[in-house]
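To keep things clear, I will list the structure first and then write my remarks on it.
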Amino acid sequence: MARTRNKSLQAKLVLLGDMGAGKTSLVLRFVKGEFSEYQESTIGAAFFTHVLSLNEATVKFDIWDTAGQERYHSLAPMYYRGAAAAIVVYDITSMDSFVRAKKWVREVQRQANSSLTMFLVANKADLEDERKVRYEEGEEYAKENGLSFLETSAKTAQNVNELFYEIAKRLVKANPSRQSGMKLHTRPGETRRGFLCCT
Amino acid sequence: MTEPQDPFSYPPIDPVNFDLIIVGTALSESVIAAAASAVGKTILHLDPNSFYGSHFASLSLHDLTSYLTSPHSLPSAATAAASSDSDDIVVVDLVHQPLCTDAETATYDESAFLSENSRKFNIDLGGPRALFCADKTIDLLMKSGAAQYLEFKGIDESFVYEANAGLANVPDSRGAIFRDKKLSLKEKNQLMRFFKLVQQHLDDTQEEKIPKEDLEIPFVSFLEKMKLPPKIKSILLYAIAMLDYDQDNNEVCEELLKTKDGIDCLAQYSSSVGRFPNAPGALLYPIYGEGELPQAFCRRAAVKGCIYVLRMPVVSLLMDKVTGSYKGVRLASGQDLYSHQLILDPSFTIPSPLSLSLGDFPSERLQMLSQRDIKGMVARGICITRSSIKPDVSSCSVVYPPRSLYPEQVTSIKALQIGSNLAVCPAGTFILYLSTLCNDADEGKKLLKAAMNALLTLPVSGNSESIPSVQSDSEDIKPIVLWSAFYIQKLIMSKFEFISSTPTPDGNLNYNALLDATEKLFNQMYPNEEFFPKATSPEDPTDEDDNGLTLDS
């Protein structure tokens, strides 16, 4: 049976977390179904769009990756502007990346709008033998700070689609509004009504 | 992250060799970072501030006040222990001279509200600024791919201030000319005749052209020759061609605009009006403030591999002892980094005379950098109000032509009001930016305060209840100022071989002159490279059709 799509939603989603936590790998797994063992630092493409169709709506994600600006803690405020959702990623094999993830959470709370949907994501769940951050630690921190929590593996695809579907569902329910302007696009045909025109 | 961070706690920057190191993230530096990254240069982009944009930033009310009122000095070079002192390198300390001087800020009313909502303000440090819908900034945003990170809104209306008559609309179409109640029928016909002549001149298919000799005469003389009345002349010269100096005063106006250039200004204004269906007038403004523009170019650069480090002051230059040529920079953290070329924010300079401890070093090599060319000043003002300068208009531009405020006024004053329908101020508030060119701080502030008093009311005391409603000439109640700031920005340009200094914010409403200077600087640095080649990477817009632009809402 055809799904009725009574709603269409466009949402900006931002990725945060320390270098090497697996932010880009998560997105590439979701958007392209790919995983690279030796993912280069994010250069060349740091912006992805992907459409998810739910029963009740279609959600078009504009996914912003950091373009390496997180390396020296130099993400621009523009990065957070108008974001409907944020994924803060840490690496379960690095306690340091978990500590830094908490700082990223605080930064999002400071910079972004209050109605933002935020997920704390413990990535590299396939590296169980090297785990330094217990599942309960991540879950407890998330609960205390009003975040949703998931453990994922970009390598095995564990929970990756679930993560984005869950975000999409929350956004449809919340139906976030934001201050929006107009985007510049290249398109043929321009309106004209200046005083040097005939109109 | 943008929380204050000790630069010494950063991991060392890796790699240490670059094609280009850029210090400062103002618009020019950010455009060059994006352009040079696009052609494969390895770049390190540093900023001593904790925010992007340098003197083109948009800041919260608290951050803006701090920036204007507290002096910025570089950490002492002595604290930056050398990581690679060697016999063939000479370390030359840099001095930071703030571009914003003579700042005065005042809170008149609702200080608790302003304090609580400080972060809801995105106030431009280099305002008033806007983009003409048909100017080269729009083209550059599209060509570079930076446009995809930005959103805009149109400025609702444009006004010109008339002595004893208040605000008059700048006609933006033929229909608007005929609807304008302030223009007589004779004036309307004169204006239409003039526009018809200009249109025919610009139309390649038309025979009738403005005579060649007329194109070379001053535009003001041509307008007189066309028998246009002073009011119309004023609108064309100052509200459309956006000229700074009184064109009728040869003593102050060193260079009169030629007719051919005046025609180009009219053409740009006309093609800006209605270029985008969702923007009513000629001007656009980024919804989060002008500080978004440098950020967008920085993101373009980052996507192409440029490394970004905020809160990282450069304290010294590393120079070759024998040749005196530039080698690299020393950071506040003590790390030494090397590059073929360096771009310095214009607020950096080398102390002159150089310290004698440099021994045999050919110090004349540095004189060009320490002898900076100060081309004048821009006085800037910012006011926060609770109501609009024109009822039912949220955002608008205003030009005060020379002599519109008092007889000795020789420069025009530009103003831009932005309302809370853009994300730059809390609901129910407005920001008014003002600027004018001046020769000294007192003169500049006098001009801006006169402009402010013409449209706004300064509370007599901290209690706005006691203030009678002040009537302006147009019988509208003048908005009451809650907060104001006035400051001076020096116009500086310096250049030295492998070290380049970018242009400072100018007094123009748009960025054309600044971007021309930026492109020129890029071409001097990289004569064999294209300034933003056609986009090819997956992040870039790959729309094949470049015939026109639309604004999607």
Exercise for review: Would you check if residue B:137 is of a type outside the set (Phe, Trp, Tyr), part of a helix (DSSP H, G or I) and over 25 Å from residue B:427 (Cβ atoms)?
Suggested key: yes
Practice item. Out of A:44, A:20, A:33, report the one residue that is more than 13 Å from residue A:168 (Cα to Cα), modelled with pLDDT of 85 or more and not acidic (Asp, Glu). Key: A:20
Revision key, fill the gap. Across (1) in a loop (DSSP other than H, G, I, E, B); (2) within 30 Å of the chain's Cα centre (by Cα); (3) surrounded by fewer than 18 Cβ atoms within 10 Å (Cβ to Cβ); (4) in contact (Cβ under 8 Å) with a residue 40 or more places away in the chain, residue B:251 clears everything bar (4)
Check your understanding: What tally of residues in the range B:202-246 results from selecting those that are out of contact with any helix residue (DSSP H, G or I) (no Cβ under 6 Å at 6 or more places or on another chain), assigned to a helix (DSSP H, G or I) and open to solvent by 40 Å² or more (accessible area, probe 1.4 Å)?
Key -> 8
Review point. Being assigned to a loop (DSSP other than H, G, I, E, B), more than 22 Å from the chain's Cα centre (by Cα) and modelled with pLDDT of 85 or more, is that true of even one residue in the range B:453-464?
Key: yes
Check your understanding: Can you find a residue in the range A:108-125 that is in contact with a His (Cβ under 8 Å, 6 or more places away or on another chain) and in a strand (DSSP E or B)?
Key -> no
**Study point:** Yes/no for residue B:177 being β-branched (Val, Ile, Thr), open to solvent by less than 30 Å² (accessible area, probe 1.4 Å) and at pLDDT below 80
**Key:** yes
Practice item. Please verify whether the range A:86-97 includes one or more residues that are farther than 16 Å from residue A:30 by Cβ, surrounded by fewer than 24 Cβ atoms within 10 Å (Cβ to Cβ), within 14 Å of chain B (Cβ to nearest Cβ) and not aliphatic (A, V, I, L, M). Key: yes
Practice item. For the range B:259-279, indicate whether the set of residues that are assigned to a strand (DSSP E or B) and more than 14 Å from every other protein chain (Cβ to nearest Cβ) is non-empty. Key: no
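The values are calculated or read from the model by the stated rules, or taken from the named source; none is laboratory data. A quick note: this is a predicted structure, and the numbers were derived from the prediction, not measured. Here Cβ is always computed from backbone atoms with ideal geometry, including for glycine, and neighbour counts include all displayed protein chains. Areas reflect the complete protein model, heavy atoms only, side chains present, ligands, DNA and RNA absent. Shrake-Rupley method; radii C 1.70, N 1.55, O 1.52, S 1.80 Å.
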